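*Asks:* The structure's right below; bear with me while I get my questions together.
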């Protein structure tokens with residue numbers, strides 16, 4: 001009887017270890033030395049009826065001695081703290097040469113109602129009170145993650161001024 005109980009316990013332990021290992025294998029690996037991601041511009045491309053289209057220009061820098069590929073870029077685009085849209089990589093994968101750079105582009109589509117809510121938030125906070133001769137500025141935040149070929153992912157968060165070119169080292 002003790003042998004039967006011991007065998008049952010052993011079988012449960014083996015099954016538990018197998019399940020834990022299977023779950024660990026499915027988990028996304030986080031890269032230790034991910035590529036550097038710089039947002040060079042976030043621009044309102046066009047308004048088409050009730051829809052607004054944004055373009056996000058990205059420069060990726062590979063700091064490794066081997067080439068890598070970025071399979072996906074996914075992020076939430078917020079303007080003045082208001083989430084307005086999800087941004088996605090336009091043409092992937094992006095191939096990064098060893099110790100090199102590559103440009104990528106993301107697009108986001110949203111309704112004009114979301115853009116108008118962001119503008120209203122800016123107005124309520126006083127961001128639209130300007131000195132004569134200056135122009136209004138809206139601020140964006142882009143927060144998301146990149147998927148690397150082979151299963152790794154890395155998070156990113158960038159912010160700046162909408163419609164302005166940003167220095168690459170930001």
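*Asks:* Taking a cut-off of 18 Å, what percent of all Cα-Cα pairs in the range 73-120 are separated by more than that?
*Replies:* Values: 496 of 1128 pairs.
Everything past 18 Å amounts to 44 percent.
*Asks:* If I model a spin label as a point 7 Å beyond the Cα along the Cα-Cβ vector, how far apart are those points for residue 112 and residue 74 in nm?
*Replies:* 3.1
*Asks:* Multiply the residue separation of residue 123 and residue 33 by 0.36 nm, subtract the distance between their alpha-carbon atoms, and state the gained length in nm to one decimal.
*Replies:* Working: separation 90, 0.36 × 90 = 32.40 nm, distance 4.03 nm.
Net length gain for the segment: 28.4 nm.
*Asks:* I need two numbers for the range 31-161: Rg to one decimal and Dmax as a whole number, Cα atoms only, in Å.
*Replies:* Cα only, the range 31-161: 16.4, 53 Å (Rg, Dmax).
Throughout, read-outs are computed from the coordinates displayed, never taken from laboratory work. For clarity, every value in this text was computed on a predicted model and none was experimentally measured. In this analysis, Cβ positions are derived from the backbone assuming ideal geometry, glycine residues included, and neighbour counts consider all displayed protein chains.
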